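The values are calculated or read from the model by the stated rules, or taken from the named source; none is laboratory data. Here the structure is a predicted model, which means the values were calculated and not measured. Don't worry about glycine lacking a Cβ; one is built from the backbone with ideal geometry, like all the others, and counts go over all protein chains shown. Side chains included, ligands, DNA and RNA excluded: accessible areas come from the protein's heavy atoms. Shrake-Rupley method; radii C 1.70, N 1.55, O 1.52, S 1.80 Å.
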Amino acid sequence: MQINHRIQKTAGELLLGILVFTLIISVMNATMFNVVLPAISKQFQLSPSQASWIITGYMIVYAIGSVTYGKLTDRYSLKNLLTFGLLLFAIGSVVGLVAIQYWMVIVGRIVQAAGASVIPAVAMIVPVRYFSPERRGRALGTVAIGYALGLALGPIIAGVVSSTWNWRALFVISLLSLLTLPMYRKYLDDEKGVARKMDFIGGSLLAGTVAVLLLALTKGNIWLAVAGAIFFIFFLVRIRYASAPFINPAIFRNKPFSFGLIITFVMIGISFAIPFITPQLLSSVNHLSPVFIGMVMLPSSLVAALLGRRGGKLADEKGNPFLMYIAAALLMIGFICLSSVVGMSPVFIAIFLIFGVLGQSFMQIAMSNTVSRTLSKEHIGIGMGLFSMITFISTAASTAALGKVLDFGTSTVRLNPIPQNSTTFVYSNIFLVLAILVVVIVAFYYVQFGRVAKMVKNEKMDSE
């Protein structure tokens, strides 16, 4: 028994290292093409709305795929799902690499997303399956390193590659994920859930809901939002009356899990403002090129990567609420300071981004660990798949909402008295409002999870 436990522990540590590399490639693949959209538009003579499908199409399929792979862990092993996903990811990369027409680029990106979406699902399940609750925070902290480095390196590499060679070379970088496949095949076990009948109708209705709502968010179309709501109603009816629903409604009767998803949705949306707004601020106000924007954002991501395991260790030793409060404090410091230095030297932006990005990383560790502990073993796959999907939808909603605010242009209202340049008021106001929202959501987190954790800790101390 002890030998088996040691073997599983070793396999878990090795898998985490492989996961970090795979996540770096996956996250870079999601962000690199933002930088080269102008080059692709010029080559194929596209309008901005046409070119945006390179991002929108990927985002829609990625969100749907993350929850679908989570559900498929009930029927198939992680080893086989990862093999299928990474091969599909590679096929999409090859299609994009040889694309001579725009529709081939879109097909390549969609096939990429259909394969790459297995990675966030597995990144959430491996720490839960291979690590005890007492060690899970460290594991999730290690996973966060991959996200942080992917976000840091994506814009820089895209800028260098597109200016040195051609934007198609970005598809070659995605092919590096195939290097991890033999190691996944070696160290992942063959464990799978109890095979159940697959509810394809329910899955299709969920996919339709996500796809249409994401389109409504990115396009700002009210009729698409109505269509998405109709899809969602049909989905709710389906999972309630189907004999083997795609998502068992019982998982939503788990109040801590449901509240965890709500808090995650809002907090991810708030923290995603940092990587979304900062490049636009540095471009429009400081007039920096994509490569220099990446350099300004690099230190914060490197610090988040270096301290990711430390954040997970804090969650294990002090509890998830403790890490959540630290994350909230870091986010508030970051937002308030960024609100005050907009329009100043990019050096100040780079310094205060460290607080915000580190807070974002710690928050994601705390929430993924919090949500995972609310789930039973039979609901781990679909539950963490839903967590990944909610995260992706939240980033889309945040992007759409913040984009609309920025569309209004300069603001005459100044909430923070420090900035003096009127062109920076809108950025300053957004950062300050987000700091206030962090306080509200953390208070909600304390009511739902913090008090319970404190009571459990006090009862444990009394019993000792």
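Here are some notes:
- Here Thr56, Thr142 are screened, and the one residue that is more than 27 Å from Ala366 (Cα to Cα) and out of contact with any strand residue (DSSP E or B) (no Cβ under 7 Å at 6 or more places or on another chain) is Thr56.
- Residue count, segment 165-196 (criterion: surrounded by 14 or more Cβ atoms within 10 Å (Cβ to Cβ), over 30 Å from Phe44 (Cβ atoms), of a type in the set (A, V, I, L, M) and modelled with pLDDT under 85): 1
- Taking segment 44-99 and the helices (runs of 4 or more DSSP H) fully enclosed by it, the elements with 3 or more residues that are modelled with pLDDT of 80 or more are at 53-72, 78-97.
- Restricting attention to segment 69-96, the residues that are surrounded by fewer than 22 Cβ atoms within 10 Å (Cβ to Cβ) and either polar (S, T, N, Q) or in contact with a Lys or Arg (Cβ under 8 Å, 6 or more places away or on another chain) (or both) add up to 7.
- Tally, over segment 274-292, of residues that are crowded, with 21+ Cβ neighbours inside 10 Å and under 12 Å from Leu353 (Cα atoms): 4
- Just one of the numbered conditions (1) open to solvent by less than 40 Å² (accessible area, probe 1.4 Å); (2) within 30 Å of Pro127 (Cβ to Cβ) is not true of Ala51: (2).
- Gly154 under 20 Å from Leu16 (Cα atoms) and in contact (Cβ under 8 Å) with a residue 60 or more places away in the chain: no
- In segment 307-344, the residues that are open to solvent by 50 Å² or more (accessible area, probe 1.4 Å) and either more than 23 Å from the chain's Cα centre (by Cα) or among the acidic types (Asp, Glu) (or both): Glu317, Lys318, Ile336, Met344
- Condition broken by Phe352, with the remaining ones in (1) open to solvent by 10 Å² or more (accessible area, probe 1.4 Å); (2) in a helix (DSSP H, G or I); (3) within 22 Å of Val122 (Cβ to Cβ) satisfied: (3)
- Flag if Thr399 is in contact with a helix residue (DSSP H, G or I) (Cβ under 8 Å, 6 or more places away or on another chain), under 25 Å from Ala305 (Cβ atoms) and modelled with pLDDT under 80: yes
- When each of Ala148, Ala123, Ala158 is tested for being under 21 Å from Leu181 (Cα atoms), crowded, with 24+ Cβ neighbours inside 10 Å and of a type outside the set (Lys, Arg), the lone residue that passes is Ala123.
- Odd one out for Arg238 among (1) open to solvent by less than 70 Å² (accessible area, probe 1.4 Å); (2) in contact (Cβ under 8 Å) with a residue 12 or more places away in the chain: (1)
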